[in-house]
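Scroll down for the structure; my scribbles are underneath it.
The values are calculated or read from the model by the stated rules, or taken from the named source; none is laboratory data. Worth saying up front: this structure is predicted, and the values here are computed from it rather than measured. Neighbour counts are summed over all protein chains in view; Cβ atoms, including those assigned to glycine, are modelled from backbone coordinates with ideal geometry. For the accessible areas, the whole protein counts, side chains as well, though only heavy atoms, and no ligand, DNA or RNA atoms are used. Shrake-Rupley method; radii C 1.70, N 1.55, O 1.52, S 1.80 Å.
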Amino acid sequence: MGFQRVWHKHYNPDVPPELVFDRITLSEMLSRSAQSFPDTTALIYMGKNIGYRELDGLVNRFARALEALGVKKGHTIAVLLPNIPQAIIANYAAFRIGAVAAQNNPLYTERELANQLADSDAKVLVTLDILLPRARKIQSETKVGTIITCHINDYLPFPKKQLFPYVKKGMYRKVVRQPGVFQFMDLLAQYPGDPMPDKAGWDDVGALLYTGGTTGVSKGVMLTHANMSCNVQQLRWWFPDLKEGCESMMGVFPFFHSAGFTGIQNLCMATASTIVLVPRPEPGIIIELLRKFKPCYLPGVPTIFAALLNDRRFTSMDLKFIKGFIAGAAPLAVETMKELKRLTGGDIINVYGLTEITPMGTASPWKGTIKPGTVGIPLPNTDLKIVDVDDPAKVLKQGEAGEILFKGPQVMKGYYKRPDETAAVLRDGWLHTGDIGFLDEDGYLTIVDRKKDMIVASGFNIFPQEVDEVLMEHPGILEACTIGVPDRYRGEAPKSYVVLKDGDLLSTEEIVEFCKQRLAPYKVPRQIEFIDELPKTPVGKILRREVKELDRKKRGVEGQAGLHA
């Protein structure tokens with residue numbers, strides 16, 4: 001074995017440290033699943049089952065529709081959908097014709113969406129009918145010439161089309177025919193579903209997933225078909241007892257998020273597993289779907305598991321059908337892990353990654369040693385090292401905290417149209433993550449902090465600079481600095497320190513309302529602290545780290561005062 005690291009000793013005996021990758025694209029994986037397991041259920045959507053043969057045919061139909069609308073190999077289509085069947089159909093149709101599927105968050109405001117659509121150069125947008133007015137409003141700021149609308153109840157069985165319990169009445173809108181706007185189901189009906197060749201090249205870019213950076217500017221991560229296929233194959237091997245055509249997974253993570261995109265959508269399509277689609281991942285909905293469909297695997301962020309354990313409907317249910325829990329965004333607390341194990345007997349793993357590595361980099365060994373507080377060990381064919389924050393050439397020893405670097409076939413091609421920023425993080429084949437961590441004597445990784453100032457709230461990334469810029473658009477605000485503070489439910493939450501202009505009086509409620517109009521709900525700071533002056537460098541740059549330290553001290557003082565009250 002040529003590639004040996006200390007962590008390989010802790011692999012499941014059936015997991016090889018080095019894989020010989022099958023050069024098969026995601027689209028080809030779906031076709032293979034359809035051939036081998038045609039009648040296995042691919043998707044369960046509120047009781048509607050779509051089998052693998054049917055799904056593969058729907059992908060072919062939509063792929064032909066896209067080509068008829070002028071989409072060619074290398075073109076970008078934007079997907080703006082929750083976890084409904086059309087999201088997977090659109091993504092895989094794009095893969096099949098060699099187009100690029102750009103993922104977008106349906107919770108984005110018009111301002112955020114316009115920026116992202118314009119950056120991706122998308123020519124076609126696939127979205128919900130209720131989002132059409134917003135899409136039309138910003139269309140002139142983008143290259144989108146064609147919009148395809150989906151109804152959230154297109155695939156619901158009768159009578160749930162009329163009585164969809166999880167969506168408000170306003171979420172269904174009859175689209176009036178207008179130029180450049182097509183309905184998803186109408187397009188499918190026009191084209192045959194018989195097999196068609198896969199046009200994607202192994203090294204072609206297949207997806208754009210957006211992340212952020214220290215500047216808060218959203219960047220498109222270019223993932224090639226090789227990146228996506230290799231990461232899926234790494235995950236497939238991580239679970240050596242996974243039986244193709246026999247498994248099922250709860251689709252909790254949204255597909256527009258890298259964890260849902262790869263860890264649920266692509267992994268399940270490759271292994272002919274069933275996805276129980278969750279359009280709105282709320283505890284009550286998850287519990288009802290668990291009771292009805294009994295999926296083998298339940299992924300989630302720690303906040304979801306905490307909410308479930310606080311609900312008697314979950315803790316009183318017979319949960320022995322769950323084989324495993326997969327926790328992302330942050331390590332699960334020891335007590336949470338113990339309680340999930342007690343209730344189900346299922347195995348629990350923590351995973352770590354980032355969009356730039358497609359996104360999976362490390363995971364707890366399946367049915368192996370789990371070390372609470374760690375995020376496991378590197379996947380096969382993945383190398384990891386910890387380097388000095390100020391001197392990346394200096395590799396640190398076991399137990400020393402520094403910047404985490406990754407190398408492997410899942411490392412992105414680069415940031416779309418941003419060669420300078422790509423060069424800053426991709427050096428000599430190593431991805432500089434900006435995250436701070438350390439390795440223990442067994443090669444288990446612990447995350448300590450972030451070199452970037454990113455806030456992770458319920459698994460979603462929030463970039464403080466973006467929030468600050470919105471705050472400073474308010475005519476009464478002079479300066480703002482947003483930080484992440486501990487939150488019992490979300491893990492972290494944004495809190496903003498605000499300096500008002502002379503003579504201005506603003507309330508927290510007014511500021512929060514202002515942000516709601518310009519930011520997705522999870523980015524809106526609910527805690528506002530008014531301050532006379534923010535700490536700055538000699539050249540006037542706000543020192544976010546000093547604001548964090550100030551906040552820590554304030555919370556410490558307030559905590560002690562509360563104890564004495």
Placed amide H near ALA493: partners under 5 Å, 5+ positions off or other chain: VAL485, ASP487
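With the Cα gyration tensor of the stretch 257-397 giving a ≥ b ≥ c as the square roots of its eigenvalues, does the rule (a/c under 1.5 for rounded; else a/b larger than b/c for prolate; else oblate) give rounded, prolate or oblate? Display every interim value, and only then the final one.
Details: a/c = 2.20, a/b = 1.68, b/c = 1.31.
Judged from the Cα gyration tensor, the stretch 257-397 comes out prolate (a/c at least 1.5, a/b above b/c).
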Residue-level accessible surface for GLU473, protein heavy atoms, 1.4 Å, Å²: 90
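For ILE462, ILE304, what's the largest-to-smallest order of accessible area, 1.4 Å probe? If you can, show how the numbers build up before the last one.
Details: ILE462 0, ILE304 25 Å².
Descending order: ILE304, ILE462.
Say R0 is 30 Å: what FRET efficiency, to the nearest 0.05, do VAL6 and VAL456 get from their beta-carbon distance?
Numbers: r = 28 Å, r/R0 = 0.93.
The value I calculate is 0.60.
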Cross-link partners of LYS323 among lysines (Cα-Cα below 18 Å; sequence separation of 8 or more within a chain): LYS243, LYS292, LYS294, LYS338, LYS341, LYS367
Protection proxy ranking, peptides 73-84, 364-375, average beta carbon neighbours within 10 Å, highest first: 73-84, 364-375
Heavy-atom accessible area per residue - the chain, 1.4 Å, Å²: 41
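Could you pull out the chymotrypsin sites (Phe, Trp or Tyr not before Pro) across the stretch 430-495 that fall in loop regions by DSSP (anything but H, G, I, E, B) with no more than 14 other Cβ atoms inside 10 Å?
Details: sites: TRP430, PHE438, TYR444, PHE460, TYR489; in loops: TYR444, TYR489.
Sites meeting the loop and neighbour criteria: TYR489.
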Cα centroid separation, the stretch 1-72 to the stretch 477-506 (Å): 43
Mean shadow area of the stretch 379-528, taken as a quarter of the surface of its Cα convex hull (nm²): 11.7
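Using only Cα atoms, figure out Rg for the stretch 189-277 and give it as a multiple of 2.2 N^0.38 Å.
On the way: Rg = 15.4 Å, N = 89, 2.2 N^0.38 = 12.1 Å.
Computed over Cα atoms of the stretch 189-277, the ratio equals 1.27.
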Over the stretch 380-469 - Rg/Rh using Cα atoms and the Kirkwood inverse-distance radius: 0.98
Heavy atoms of ARG64: accessible area, 1.4 Å probe, square angstrom to 10: 50
Segment ASP388-ARG177, length gained on full extension (0.36 nm per residue, minus Cα span): 70.1 nm
Whole-Å distance, taken between Cα centres, linking the stretch 231-268 and the stretch 310-355: 16
Volume of the Cα convex hull of the stretch 33-78, divided per residue and given in Å³: 96
In Hz, Karplus ³J(HN,Hα) per residue of the stretch 395-407 (6.51, -1.76, 1.60; θ = phi - 60°; x = Gly, Pro): 7, 8, 7, 3, x, 8, 8, x, 6, 8, 10, 10, 9
